[in-house]
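This report concerns only the one structure given below.
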Amino acid sequence: MHVTLTINDTKHHLELDPRVTLLDAIRHHAGLTGTKKGCDHGQCGACTVMVNGRRINSCLSLAVMHDGDAITTIEGLGTPEALSPLQAAFIETDGFQCGYCTPGQICSATAMLEEIRAGWPSHVSETLDGPALPTEAEIAERMSGNLCRCSAYPNIIAAIRLAAAEREDAA
């Protein structure tokens, strides 16, 4: 089946079996290996990418469902020469140990900060109609779908809070 995936602003014209997951299309057909396969069951978040600005577990989604969507992977957020604010914050706070979950953590956190900015409440938000703030509890709740087997959570939260503070200072 012919599918055109727009990944990091580049169109990839692919012939895929309709059963190929978005994760496998990204890694094995488009050649972008930053997105990781962890559990392959949607439970760890290592495969998190953004589709049209929303974070998803790419292992649970079929590639054919995303024909024409805007897909962003870790490679699309920044480069070694021009890191995204979250990538820089992860380095500054040592928000990783082995690094395997880091691409999914950063993609998820990027979308999560946009959710907070848009005022979307979470289970721990104080109100449903007020602004959400990037508190430790708010970040932990919103990032609960991204696991780190090395338990670098305190530094991951510190990185997200640092990037959120820098974003607010720049606004």
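Laboratory data are not the source of any read-out in this text; all were calculated from the coordinates shown. Quick caveat: nothing in here was measured; it's all calculated off a predicted structure. A quick note on method: Cβ atoms are made from the backbone with ideal geometry, for glycine too, and the neighbour counts reach across all protein chains shown.
Take every Cα pair under 8 Å in the chain that's 6+ residues apart, average their separations, divide by the length, and report that relative contact order as a whole percent.
22 percent
Report, to two decimal places, the Cα Rg of the chain normalised by 2.2 N^0.38 Å (N = number of residues).
Here the answer is 1.03, to two decimals.
Along the charge dipole of the chain, which of Gly38, Ala158, Ile74 sits closest to the positive end, that is, farthest toward it, with unit charges on the beta carbon of Lys, Arg, Asp and Glu (+1, +1, -1, -1)?
Gly38
With no solvent and one point on each alpha carbon, what is the Debye value of log10 I(q)/I(0) for the range 108-171 at q = 0.13, 0.23, 0.25 Å⁻¹?
Those come out to -0.33, -0.98, -1.13, one per q.
Just to be sure I follow the definition: excluding the sites themselves, where is the longest run in the chain that has none of the GluC sites (Glu not before Pro) in a DSSP loop with at most 16 other Cβ atoms within 10 Å?
The segment 1-80 is the longest one with no such site.
Any chance you could check the Cα centroid distance between the range 121-171 and the range 53-70 for me, in angstrom?
Going from one Cα centre to the other spans 24 Å.
If you take the Cα Rg of the range 2-75 and divide it by 2.2 N^0.38 Å, with N the number of residues, what do you get?
Against the empirical 2.2 N^0.38 Å value, I get 0.95 for the range 2-75.
Taking springs between alpha-carbon atoms closer than 10 angstrom, which of Ser84, Ser108, Ser151 fluctuates most in the Gaussian network model of the chain?
Ser151
If each DSSP helix of 4+ residues adds -39,500 (n - 2.57) and the sum is divided by the residues in the chain, what number results at 222 nm, nearest 500 deg cm²/dmol?
-9000 deg cm²/dmol
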